[in-house]
1. Taking a ≥ b ≥ c as the square roots of the eigenvalues of the Cα gyration tensor of the range 317-447, is the shape rounded (a/c under 1.5), prolate (a/b larger than b/c) or oblate?
2. Applying a 10 Å radius around every beta-carbon, put 182-192, 140-150, 327-337 in order of their mean neighbour count, most first.
3. Nearest 20 debye, what's the magnitude of the dipole of the chain about its Cα centre given +1 on Lys and Arg Cβ and -1 on Asp and Glu Cβ?
4. What value, in deg cm²/dmol to 500, does the helix sum -39500 (n - 2.57) over DSSP H runs of n ≥ 4 give at 222 nm once divided by the residues of the chain?
5. Tally Lys/Arg at +1 and Asp/Glu at -1 over every other residue whose Cβ is under 11 Å from the Cβ of Trp250; what's the total?
6. Starting with the fewest neighbours, write out Arg72, Arg248 ranked by other beta-carbon atoms found within 10 Å of each beta-carbon.
7. Give me the extension gain from Ala154 to Arg184: residue separation times 0.36 nm, minus the current Cα-Cα distance, reported in nm with one decimal.
8. How many nm separate the modelled label positions at Lys381 and Val287, each set 7 Å beyond the Cα in the direction of the Cβ?
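A short reminder: the numbers here are calculations on the coordinates, not readings from a lab. The structure presented is a predicted model; accordingly, all values stated were derived computationally and were not measured. Here the Cβ is made from the backbone with ideal geometry for all residues, glycine too, and neighbour counts use every protein chain on show.
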Amino acid sequence: MPAESRPQPASPADSAATPAGRRDFLKTGAATMSAAALAGAFPARPGLYAAGDDTLRVGLVGCGGRGSGAARQALSADKYTRLVAVADTFRSQIDSSLAALKNDDDIADRVVVDEEMKFICLDAYQQVIDNVDVVLLATPPGFRPVHLRAAVEANKHIFTEKPMATDAPGVRSVVETVAMAKERNLAICAGFCWRYHNELRELFARIHDGAIGNVLAAYGTYLTGPVKPMPPADTRPAGISDLEWQVRNWYNFTWLGGDGLVEQAVHTVDWLAWVMQDEPPESCTAVGGRQIAAHGGNIYDHIEVNYLWADGVRGFLAQRQINGCYNENGLYVIGDNGIAQIKPGGSASIKGENAWRYRGPSNNMYQTEHDEFFLSIRDGKPINNGDRMWNSTLMAIMGRMAGYTGQQVTWDQAYNSTETLVPEITNGWDTEPLPQAMAQPGTTPLV
């Protein structure tokens with residue numbers, strides 16, 4: 001796709017389409033929406049949903065910890081929701097997820113998943129989609145583009161975890177899917193949960209209003225221990241295929257999880273994008289590598305990315321997942337009239353002429369995103385986070401490409417990359433994954 005015609009993310013791609021509209025929404029609309037949702041104040045609109053009444057049938061695809069959390073928040077957001085179908089590649093995940101949900105007295109009576117609605121296979125997502133009104137997508141992100149497309153083609157509202165793809169072909173598929181969802185007036189709520197955090201919403205509104213002057217640079221961190229370390233090869237159960245072994249350890253393979261930058265630190269990438277009002281960078285460079293044995297995985301355990309925007313603004317990001325090291329997840333935005341900061345845990349402040357510290361109400365950002373998502377469906381004004389969600393996903397992939405190849409990568413190169421990581425699942429568990437070598441900067445080609 002030529003540069004002049006490539007898709008650009010809307011700025012912003014949320015309910016409030018202009019800077020002024022966004023500021024007004026942040027001051028009044030978010031609090032009102034959350035309060036209404038928590039109170040269960042939904043308009044009665046009988047017959048609009050597949051169940052023939054006010055009930056919204058919810059399905060969960062991916063029953064791990066995050067998927068179970070999303071299901072709990074969906075049921076808590078709207079008292080007329082029912083969890084009726086679930087899918088996972090492993091039965092144990094389904095059983096543990098449903099047991100945990102049924103142990104929550106506030107929602108237990110609306111967890112009504114019959115045995116025939118528990119789907120266990122690599123294509124089980126389609127069976128869930130066929131039986132619900134709203135689908136929650138929380139599988140490893142390598143599968144996300146296919147799942148998103150299937151849900152939109154079936155005219156379902158979607159909550160999708162981040163990131164939305166692990167390679168550029170996947171991102172381009174998501175771009176098309178987002179456009180289709182807009183045409184069909186479908187809600188897409190993205191799991192970039194910090195966008196629903198009260199304190200950060202006000203901080204970024206102030207940055208965009210000029211509280212720190214012109215933004216000159218921003219530095220974000222995501223320094224943690226390993227999320228799901230790759231087990232040694234000698235622990236692999238006998239008889240399972242390469243595909244199953246990789247899916248069981250999905251975080252450690254770029255095609256399934258993206259890597260630590262794309263799957264976890266994408267939240268920090270999203271902060272950088274938010275600072276720049278979702279305007280994509282022109283280019284980036286990066287350095288990274290692997291210091292701790294990978295045991296067969298192929299992701300780096302550390303990377304630092306330097307993003308460059310057209311007006312000369314720089315955005316820096318440090319990501320590391322190694323035990324025994326200094327941990328931090330924060331953001332520092334330097335303007336010509338002050339500094340804005342997010343400390344670990346989400347505490348926000350501004351230093352300078354317009355010094356400020358948040359004094360408003362706190363919130364559970366995970367719950368708020370579902371509150372606003374379901375209320376938008378009920379109101380017939382569906383949220384669509386689609387443009388900014390693929391923008392931040394591609395920014396993260398772009399940084400990984402730069403670090404793994406050692407090359408400068410432009411936005412156009414990242415968007416148009418032909419590097420395909422995700423195999424077509426044509427033979428079930430016997431499908432052969434694509435080669436999974438560890439990248440070597442200066443040797444691994446940029447394609």
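1. Because a/c hits 1.5 or more and a/b fails to exceed b/c, the range 317-447 counts as oblate.
2. The most tightly packed comes first, giving 140-150, 182-192, 327-337.
3. Numbers: 38 positive and 51 negative charges, 179 e Å.
Approximately 860 debye in magnitude.
4. Helix contribution divided over all residues of the chain: -9500 deg cm²/dmol.
5. Working: positive: Lys228, Arg248; negative: Glu244, Glu263.
Local net charge: 0.
6. Arg248, Arg72
7. Full extension from Ala154 to Arg184 adds 9.8 nm.
8. In this crude label model, Lys381 to Val287 measures out at 4.9 nm.
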